[in-house]
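The values are calculated or read from the model by the stated rules, or taken from the named source; none is laboratory data. The structure displayed is predicted, hence computed values, not measured ones. In this analysis, Cβ positions are derived from the backbone assuming ideal geometry, glycine residues included, and neighbour counts consider all displayed protein chains. Surface accessibility is based on the protein's heavy atoms, side chains included, excluding ligands, DNA and RNA. Shrake-Rupley method; radii C 1.70, N 1.55, O 1.52, S 1.80 Å.
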Amino acid sequence: MRAFTHAQRRSLGFLVAGTVALTALTGSGIAAAASAAPHSSAAPRTAKQTVSVWSWFVQSNMETAIKAFEKTHPNVTVNYTYYNYSPQFITALKTAAASNSLPDVIGLQPGSLTQQYRDQLVPINSLAAKTWGKNWTKHVFPVDLSQMRMGNPPGDSNYYILPQESQVLAVWYNTQIFAKLHLSVPKTFAQLETVAKALSTHGYLPMYQGAAGAWQNENVFIILADQQSPNLFEKAQLGKASWTSPAMLRAMTAWGELFKNGVFQPGALGDQGYPTGANLFAAGRVGMMTLGSWWLQEPQLPPPVPPLVKNLSGFAWFPFPAAPGASGPGPSVGGIDVGVGLTKTGAKNPAAWQFMASLVDGEGAQAVLNNDLNDLPAFDNLTPPKSLGSNILKYYDQFMKALPSAQNQRFYSPVLQTAVDNALAGVAAGTLTPKAALARIAATQQKVGPGTE
């Protein structure tokens with residue numbers, strides 16, 4: 001099995017759990033942000049401190065961040081436990097929360113996941129202001145900043161999550177296969193179906209969809225919805241647009257056609273995006289796959305790295321082709337890829353905030369960007385080195401230009417998210433019509449109420 005990839009955090013079919021306790025190093029750090037944390041003087045430098053962290057953030061990349069942090073904080077040891085996002089990480093959080101045994105820092109996604117554990121988290125507003133200044137939010141990309149309060153009760157202006165990394169969704173494709181078969185990048189659904197048919201005819205999997213897992217289904221559907229009308233997905237959650245509108249019906253219909261018309265590979269409903277789809281894509285057996293900016297980190301994985309992946313020489317990306325009724329591919333969709341939260345247990349540990357700050361905008365974040373380029377940063381003052389390679393930096397720059405105007409891809413309510421996941425699965429399987437599926441989502445939205453901005 002290939003080394004862990006960035007999005008194995010989402011839907012792997014196996015569990016890897018590891019604890020990292022790195023040897024403390026000496027030397028100066030890249031950034032002083034984390035060392036300036038407000039609690040840094042709460043314990044003597046000679047007192048050894050331990051920070052416990054759980055997340056689905058790639059273990060090798062977290063080790064890089066921990067090493068950089070421990071170098072500038074030699075009195076601190078960070079113990080990291082890696083989980084696959086679903087179901088292992090979700091299960092671990094539920095179990096620990098029920099027994100009041102959460103670690104100091106936990107990985108989070110904005111909106112529904114953060115809200116599930118809001119009562120076990122502490123606001124980080126004042127900590128962030130003391131660390132980075134009162135205007136620290138100006139350095140966070142707009143879509144990330146808006147997602148940091150997603151789902152908060154009315155009047156609650158606290159931040160319970162910090163964005164560790166950002167992402168922009170896109171369709172990656174194998175440039176060598178496209179060149180071999182004389183295929184052009186599709187811009188419409190009709191062109192997408194033609195390309196998919198040509199790929200299938202020549203023995204390739206057309207557009208790989210891990211439809212057995214929810215995350216990739218959500219991503220594609222949100223893109224389709226926002227093609228019909230900017231921010232349609234967001235507006236529907238906020239009660240500013242109807243889930244049963246003609247525009248949303250066109251999006252759900254297009255979702256079903258991707259299965260019916262052979263754009264997705266046969267058996268997609270039983271397949272996982274990671275590790276199966278990503279491994280096949282990297283090996284040159286897949287023509288296209290809806291992923292995102294996190295594919296940039298593939299060349300940085302431990303060897304053996306497939307030839308196509310080196311410097312991303314065999315890949316490029318394009319926006320998802322326009323579905324019927326859409327005037328074009330639509331705006332970029334994305335936001336917080338992975339975030340972190342400080343638990344009430346962690347609030348009692350001075351070193352926990354220090355590490356958390358380092359991980360999002362300090363020596364830890366910069367070290368990951370330098371060595372792994374796992375995804376896009378969430379703070380605008382981090383820059384990757386030129387040594388990462390021309391292709392990688394070219395795509396990185398393209399995604400970074402799209403990030404400031406990216407639209408929300410996250411759910412306000414976990415109940416609504418489940419309803420959407422079930423509806424998408426039903427339409428994909430042919431057990432629900434698009435109209436019936438949207439009616440079910442609308443009924444759930446009415447029960448949970450609109451999200452709050």
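Above 23 angstrom, tally the Cα pairs of the stretch 119-213 and express them as a % of all pairs, no decimals.
Of the Cα pairs, 53 percent sit more than 23 Å apart.
Carbon and sulfur together cover what percent of the accessible area of the chain at a 1.4 Å probe radius?
54
Which cross-chain or sequence-distant (5 or more) residues have an amide H under 5 Å from the amide H of Tyr82, H modelled 1.01 Å from N in plane?
Under 5 Å from the amide H of Tyr82 lie the amide H atoms of Gly18, each far enough along the sequence or on another chain.
Assign one of three labels to the stretch 402-453, namely rounded, prolate or oblate, based on the Cα gyration tensor with a ≥ b ≥ c the square roots of its eigenvalues; rounded applies when a/c is under 1.5, prolate when it is not and a/b is larger than b/c, and oblate otherwise.
Oblate.
Does the stretch 269-394 come out rounded, prolate or oblate by the C-alpha gyration tensor, with a ≥ b ≥ c the root eigenvalues, rounded set by a/c under 1.5 and, if not, prolate when a/b is larger than b/c and oblate if not?
prolate
As I understand it, the dipole of the chain uses +1 on the Cβ of Lys and Arg and -1 on the Cβ of Asp and Glu, about the Cα centre. Which of Thr201, Ala278, Asn374 lies farthest toward its positive end?
The one lying farthest along the dipole's positive direction is Thr201.
What lysines could a cross-link reach from Lys447, if we take a straight Cα to Cα line under 24 Å and drop same-chain neighbours fewer than 8 places away?
Straight-line reach from Lys447, under 24 Å: Lys94, Lys235, Lys240, Lys435.
Please list, in chain and number order, the residues 5+ apart from Gln409 or on another chain whose amide H is under 5 Å from its amide H, with Hs placed from the backbone.
It is Gly334, by chain and number.
For every helix of n ≥ 4 consecutive DSSP H residues, a contribution of -39,500 (n - 2.57) applies; sum these over the chain, divide by its total residues, and give [θ] at 222 nm rounded to the nearest 500 deg cm²/dmol.
It comes out at -11000 deg cm²/dmol, rounded to the nearest 500.
When every alpha-carbon pair in the stretch 268-310 is counted, what percent end up more than 13 Å apart?
56
Can you count the Lys pairs in the stretch 269-405 with C-alpha separation below 21 Å, eight or more apart or on different chains? Numbers along the way, then the final one.
Details: Lys310/Lys386; Lys310/Lys394; Lys386/Lys394; Lys386/Lys401.
Here the count comes out as 4.
Which whole-percent values make up P(r) of the stretch 99-146 when all C-alpha to C-alpha distances are grouped in 5 Å steps starting at zero?
Distribution as computed: 4, 16, 21, 24, 22, 9, 3, 1 percent.
Nothing charged except the Cβ atoms of Lys and Arg (+1) and of Asp and Glu (-1): what's the magnitude of the dipole of the chain about its Cα centre? Round to the nearest 20 debye. Walk me through the intermediate numbers first.
Details: 31 positive and 23 negative charges, 28 e Å.
Result for the chain is approximately 140 debye, rounded to the nearest 20.
What ratio of Cα Rg to 2.2 N^0.38 Å holds for the stretch 323-453?
On the way: Rg = 20.0 Å, N = 131, 2.2 N^0.38 = 14.0 Å.
That ratio works out to 1.42.
So for the chain, taking the charge dipole from beta-carbon charges (+1 Lys/Arg, -1 Asp/Glu), which of Leu432, Gln59, Thr418 sits furthest toward the positive end?
Final value for the positive-end residue is Leu432.
Give the cross-link partners of Lys134 among the aspartates and glutamates, using a straight C-alpha distance below 19 Å as the criterion and excluding same-chain residues fewer than 8 apart.
Within reach: Asp144, Asp156, Asp361, Asp380.
Based on alpha-carbon positions alone, could you give the equivalent ellipsoid semi-axes of the stretch 163-284 from the gyration tensor, as √(5λ), descending, whole Å? Each step should come with its number before you reach the end.
Values: eigenvalues 144, 59, 39 Å².
Over the Cα atoms of the stretch 163-284, the ellipsoid semi-axes are 27, 17, 14 Å.
Kirkwood hydrodynamic radius of the stretch 382-428 from all distinct Cα pairs, in Å?
Its Kirkwood hydrodynamic radius stands at 13.9 Å.
Return one whole number: the accessible area per residue of the stretch 90-166 in Å², for a 1.4 Å probe. Numbers along the way, then the final one.
On the way: 2990 Å² over 77 residues.
For the stretch 90-166, the per-residue accessible area is 39 Å².
Rolling a 1.4 Å sphere over the protein heavy atoms, what is the accessible area per residue of the stretch 307-380, to the nearest Å²?
On a per-residue basis, the stretch 307-380 sits at 25 Å².
Binning at 20 angstrom from zero up to the longest distance, how are the C-alpha pair distances of the chain distributed in percent?
Over the chain, the share of Cα pairs per 20 Å bin runs 26, 58, 16, 0 percent.
Over the chain, what relative contact order in percent results from Cα pairs under 8 Å that are six or more residues apart?
Once normalised by length, the contact order is 27 percent.
Please list the non-local residues whose amide H lies under 5 Å from the amide H of Val338, H modeled 1.01 Å from N, same-chain partners needing a gap of 5 or more.
Excluding prolines and chain starts, which carry no amide H, the hits are Gln164, Glu165.
Per residue, what volume in Å³ does the convex hull of the Cα atoms of the stretch 72-186 enclose?
210
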